[in-house]
């Protein structure tokens, strides 16, 4: 339900600001560990082909808009991007699973 909500509606301004504050806070913690900083740089490089300085990274976070979050959600939260695994014995049919996924997305 939350995935569909993010795709269909803009995030409230206060909710976006809380998310930005938490992300900016985690950016500060990354600087405390060489290993965490290495992982952060590696992930940036894998995703974008470059690494950002601390200032570039925090400035980019501060500039994110609700519309950008919604557009990103629309690109990512698609049925073709999901996989479902059912472990153990189950009476759930493929059709039931598809209905549930469609309800989420």
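The values are calculated or read from the model by the stated rules, or taken from the named source; none is laboratory data. In this text, all values refer to a predicted model and were calculated from it rather than measured experimentally. No Cβ is skipped: glycine too gets one built from the backbone with ideal geometry, and neighbour counts run over all protein chains shown.
Restricting to the range 77-105, count the residues that are assigned to a loop (DSSP other than H, G, I, E, B) and in contact (Cβ under 8 Å) with a residue 12 or more places away in the chain. Talk me through it step by step, then tell me what you get.
If we filter the range 77-105 for residues that are assigned to a loop (DSSP other than H, G, I, E, B), which is where we start, we get 77-78, 82-93, 105.
Still in the running and in contact (Cβ under 8 Å) with a residue 12 or more places away in the chain: 77-78, 82, 84, 105.
Number of matching residues: 5.
Of all the criteria given as (1) surrounded by 10 or more Cβ atoms within 10 Å (Cβ to Cβ); (2) at pLDDT below 90, the one not satisfied by residue 15 is (2). The number of residues in the range 36-66 being surrounded by 12 or more Cβ atoms within 10 Å (Cβ to Cβ) and not in a helix (DSSP H, G or I) comes to 4. In the range 13-28, the residues that are over 14 Å from residue 40 (Cβ atoms) form Cβ pairs under 6 Å with partners that are part of a helix (DSSP H, G or I), at six or more places apart or across chains, as follows: 16/66; 20/61.
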